[in-house]
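Below is one structure; the comments refer to it alone.
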Amino acid sequence: MKPTYFDLTVPNVAQAKAFFEAVLGWRFQKFDVPYEYYRIQAGPDTEPGIDGGIGAVKDAPLSEGNPSFATLLKVARALGVKLHAEAA
């Protein structure tokens, strides 16, 4: 399955934006929300690929008791999902 969007949650949005702008040429557009969150344009609209978003860790509520990767993998396998390496 091809991803359609990605999301980055970082400790320092200003530093991350500066890094990605300088290294990858990404552009950012602030969303009109009461916290710091930006749309990432990861390349020109004429090029294939996906765009994403970036926000601060402090604005992303974390739920307690997040399942481990092993638990998620067990549930996925029970549903018949195969990992990319297993599908070959």
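Backbone phi angles across the stretch 71-76, fed through the Karplus curve with coefficients 6.51, -1.76 and 1.60 (θ = phi - 60°), yield HN-Hα couplings of 5, 4, 5, 4, 5, 4 Hz in residue order; Gly and Pro are listed as x. Spacing of the modelled spin labels on GLU21 and TYR5, each 7 Å from Cα toward Cβ, amounts to 2.4 nm.
Our estimate of slack between GLN41 and ARG77, defined as 0.36 nm per intervening residue step minus the Cα-Cα distance, is 9.5 nm. Over all other residues within a Cβ to Cβ distance under 10 Å of GLY55, the charged ones net out to -2, with Lys and Arg as +1 and Asp and Glu as -1. Shape index of the stretch 6-63: Rg/Rh, with Rg the Cα radius of gyration and Rh the Kirkwood radius from the inverse mean 1/r over Cα pairs, equals 0.98.
Quick note: the coordinates plus some simple rules give every number you see, no bench work behind them. Please read all numbers here as calculations on a predicted model, not as lab measurements. Don't worry about glycine lacking a Cβ; one is built from the backbone with ideal geometry, like all the others, and counts go over all protein chains shown.
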